[in-house]
Each structure stands twice: as structure tokens, then as C-alpha cells.
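Notes to accompany the following structure.
The values are calculated or read from the model by the stated rules, or taken from the named source; none is laboratory data. Since the model is a prediction, treat every value here as computed from it, not as a measurement. Cβ atoms come from the backbone with ideal geometry, glycine included; neighbour counts cover every protein chain shown.
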Amino acid sequence: MELELEESKRVAEDSKRRLNALIYIADDLEKRLESEAGLRLVLEEEMETMRADSLQKEHDLHHVIETMEQKLQSKQLQENKLTDQLVRLERELYRMHQKKHEIVKEIRRQEAQDRADGASAIEIIRAQAGKQAEPRPKNELQDEAMAVAYFSQPTPALAEEQGRFRTTQFLAQFLGLSDK
């Protein structure tokens, strides 16, 4: 019996050691599990924070994109308006240029007509006075052509000067005071 008792003591001691080892392992696993659970909670909180931050950044970016699209549309509209205005101004400038050339052509035609009328009026007056009309020298025609080119500029001062020049020339030719 003693052997059985010793055997039972030994089995009880082995069981006790095994139980202590299992308790130690269980405590260790429980501590690890609690630690892992705490880490997981911390990671989930960080992940939630990051998700909220990324959603906020996404919202902000969408807002920035919408704002930029509105600005782009506004700039495109402004550019289209300016382009249309430029086209209208170019057309108007072209029409003004055309009118200027038409006016210059009309002035030249009128001056030629005035010279022809003035020459015939002088010839009539000289014929009545018994004088014969003198032929006009070539350099006078060149001077008149240069004067026409000079005075066909569209500034008000030149237009005024051109009017005085024509009046003076016509009166000089009409009254026979011209050296030409």
C-alpha cells in the first residue's frame, strides 16, 4: 500500500505540476489575448480615424474640384465673350478701314473733278478775257498727287488743312493768281 500511496502522491504531484503549468499557460494566453484585443481596439480606432480623415479629404477634394470646374466654366465663358467682342471689333475695324478707303477714293475723284471743273472755269474766264489757257506742267500734277496722298490721312487737323489747301488752290486757279 505504501507503494500505491507513493504512486498516488507522485501522480498527484505530477498532476499538480501539470495543473500549475496549465494555469501558467492559461494566464499567459489570457494576458496575450487581452494585449492583442487592446491592440486590435487601438488599431480599429486608428483605422476609423483614418477612414474619417480620408472621407473628409475626399469631400474637400470634391469641393475643390467643383469650385475649379465653376471657375473654368466662368473663364471659358469670359474667354468666349472676349473672343466674340474681338471678332466684332475686328469686323468694325475692317468696315472702318473700307469706309476710309472709299472716302479717300471719293475725295480723289472729287479733287480730280474739281481740278477739271476749275481748269474749265479758268479756261472759260480766260477765253472771255481774250486769253488762252496755259498747259499745266507735269510737276504740278506730281505736287498735287503728293498733296492728295499727304492729306488723305484721317486725322482732324490734316482734314482741316486739306480743306484749306483745296480752297486756296481752287481760288488761286480760278482767279488766275497761280504761277502754274
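Every residue, every condition in (1) among the hydrophobic types (A, V, I, L, M, F, W, C); (2) within 30 Å of ARG166 (Cβ to Cβ), yes or no:
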| residue | (1), (2) |
| --- | --- |
| ARG32 | no, no |
| THR49 | no, no |
| SER54 | no, no |
| GLN76 | no, no |
| ASN80 | no, no |
| ARG88 | no, no |
| ARG95 | no, yes |
| LYS99 | no, yes |
| VAL104 | yes, yes |
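Could you check, for region 82-96, whether at least one of its residues is within 30 Å of GLN169 (Cα to Cα) and either hydrophobic (A, V, I, L, M, F, W, C) or modelled with pLDDT under 90 (or both)? Yes; the residues of region 82-96 include at least one that is within 30 Å of GLN169 (Cα to Cα) and either hydrophobic (A, V, I, L, M, F, W, C) or modelled with pLDDT under 90 (or both).
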